[in-house]
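Note sheet for the following structure.
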Amino acid sequence: MLKIKSNIKKTFEKSNFTHGLYLSLKRIYRQCLLIIPDEIFAKYRYYKRTGKKLNLTNPKTFNEKLWWLKLNNKDPLLTNCSDKVKVRKYVEECGLGHILNEIYGVYDNANDIDFDNLENAFIKTNHGSGTNIIWDKNRQFDKQKFRNIFNKALEHNYYLESREWNYKNIEPKIIVERILEDKENKSLIDYRFLCFNGVVKIIFVDIETAAEDGSHSPHAKRNVYDRSFNYLNIKVKREPFEKSLVSKPDNFNKMVEYAEILSKPFPFCRVDLYNINEEIYFGEITFYPGGATQIVEPEEWELKMGEWIDLKNEKIILENE
């Protein structure tokens, strides 16, 4: 399905006009869905993506509890930590400013970026997922297409995608930052630490997540490990890769320590880190991976992961509190 969606998107991207039309139609579709109440939308979205009924009355599985949190937890810190600009202040306040990547600039409009005086850079938005690109002054780069795509993205509220409240009030920005390059690996390895009540329980290790131009790749692969980096025979959305391709980093325990520091205020979150030439870099904090629709196989693991989320946790802030 991801490959089909990717091919459809590429077809529309063949010209600036068709791509703009594609983005406009998606935006209209999402706006129309707003008339549907959150709980009904949640059940519709979950069934559409997984083929399963969503139990919000007595949630038990990992995804069911994530949906419950998505609809009920209104902690303002969720918004700040979902904002890829403001989260930097939070990381600094946690004493981890040294793991932040270098920022070249933050912009309100794609037209304001001066490519003539810009070093090679990774460009992304702060308020969503998937709008990424690499600026390489030595390669062909369609600046007008870039401006069209990113300015359209600035108009989009990612909350519309799957009712993730934490994105609803983020002020859209474009971030231009230093490209992280790993000399030993052709592409970056993403270490995604799933933290439950401030404790790392499981790690997703993802490879081939980015295409050559910096956009998301539909061919990404994922292995799952426990907190000691022992391989687990679990599949979550992506196909697994050969275990020999990735080994446990020498400073892995330090990565676990950092993830647990950053995740401390939350009943659940995923902390994404990179490890390049034995240097740890912060990626982002995610609260509802895959919009809480990623199927966990085997099923008993989704139940086990659900048991790790306590919906009576004092860290949960309900709307009426």
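The values are calculated or read from the model by the stated rules, or taken from the named source; none is laboratory data. Just so we're clear, the structure is a prediction, and the values are computed from it rather than from any experiment. Cβ sites come from the backbone with ideal geometry, for glycine too, and all protein chains shown count toward neighbours.
Restricting to helices (runs of 4 or more DSSP H) lying wholly in the stretch 32-111: which have 2 or more residues that are among the hydroxyl-bearing types (S, T, Y) and touching a residue at least 40 places away in the same chain (Cβ under 8 Å)? Can you show your working first?
Details: elements: 38-50, 62-72, 76-82, 87-93.
It comes to 38-50, 76-82.
Mind listing just one residue for me: the one in the stretch 253-267 that is of a type outside the set (A, V, I, L, M) and in contact with a Cys (Cβ under 7 Å, 6 or more places away or on another chain) and, of those, surrounded by the most Cβ atoms within 10 Å (Cβ to Cβ)? Looking at residues that are of a type outside the set (A, V, I, L, M) and in contact with a Cys (Cβ under 7 Å, 6 or more places away or on another chain), I get S263.
Taking L194 as the residue in question, decide whether it is at pLDDT below 90 and crowded, with 18+ Cβ neighbours inside 10 Å. Answer is no for this residue.
Restricting attention to the stretch 133-153, does a residue exist that is touching a residue at least 60 places away in the same chain (Cβ under 8 Å) and either in contact with a Phe, Trp or Tyr (Cβ under 7 Å, 6 or more places away or on another chain) or under 22 Å from P267 (Cβ atoms) (or both)? Checked the stretch 133-153: at least one residue is touching a residue at least 60 places away in the same chain (Cβ under 8 Å) and either in contact with a Phe, Trp or Tyr (Cβ under 7 Å, 6 or more places away or on another chain) or under 22 Å from P267 (Cβ atoms) (or both). The single condition from (1) surrounded by fewer than 18 Cβ atoms within 10 Å (Cβ to Cβ); (2) in a strand (DSSP E or B); (3) among the hydroxyl-bearing types (S, T, Y) that Y274 fails is (1). Just one of the listed residues (L96, L100, L66) is within 19 Å of the chain's Cα centre (by Cα), within 30 Å of K304 (Cβ to Cβ) and assigned by TED's automatic domain parsing to the domain that holds E278, namely L66. Among what's in the stretch 150-171 and is closer than 30 Å to W68 by Cβ and outside any loop (DSSP other than H, G, I, E, B), pick the residue that is modelled with the lowest pLDDT. Selected residue: E161.
Taken as a whole, the structure leaves E242 outside the set of residues that are surrounded by fewer than 16 Cβ atoms within 10 Å (Cβ to Cβ) and either in contact with a Cys (Cβ under 9 Å, 6 or more places away or on another chain) or closer than 17 Å to V199 by Cα (or both).
Of everything in the stretch 287-314 that is part of a loop (DSSP other than H, G, I, E, B) and of a type in the set (D, E), the residue that is nearest to the chain's Cα centre (by Cα) is D310. Within the stretch 134-142, the presence of a residue that is at pLDDT 90 or above and in contact with a His (Cβ under 9 Å, 6 or more places away or on another chain) is excluded.
Check the stretch 135-155 and report whether any residue there is aliphatic (A, V, I, L, M), closer than 28 Å to N275 by Cβ and within 20 Å of the chain's Cα centre (by Cα). There is no residue in the stretch 135-155 that is aliphatic (A, V, I, L, M), closer than 28 Å to N275 by Cβ and within 20 Å of the chain's Cα centre (by Cα).
Working only within the stretch 46-64, note down all residues that are under 13 Å from A292 (Cβ atoms) and either among the β-branched types (V, I, T) or in contact with a strand residue (DSSP E or B) (Cβ under 8 Å, 6 or more places away or on another chain) (or both).
Answer for the stretch 46-64, where residues must be under 13 Å from A292 (Cβ atoms) and either among the β-branched types (V, I, T) or in contact with a strand residue (DSSP E or B) (Cβ under 8 Å, 6 or more places away or on another chain) (or both): T50, T61, F62, N63.
Listed here are the strands (runs of 3 or more DSSP E) enclosed by the stretch 172-253 that have at least 3 residues being among the aliphatic types (A, V, I, L, M) and touching a Lys or Arg at 6+ places or on another chain (Cβ under 8 Å): 199-207.
Tell me the residue from A153, A220 that is in the same structural domain as N73 (by TED's automatic domain parsing), surrounded by 15 or more Cβ atoms within 10 Å (Cβ to Cβ) and more than 17 Å from P289 (Cα to Cα), please.
A153
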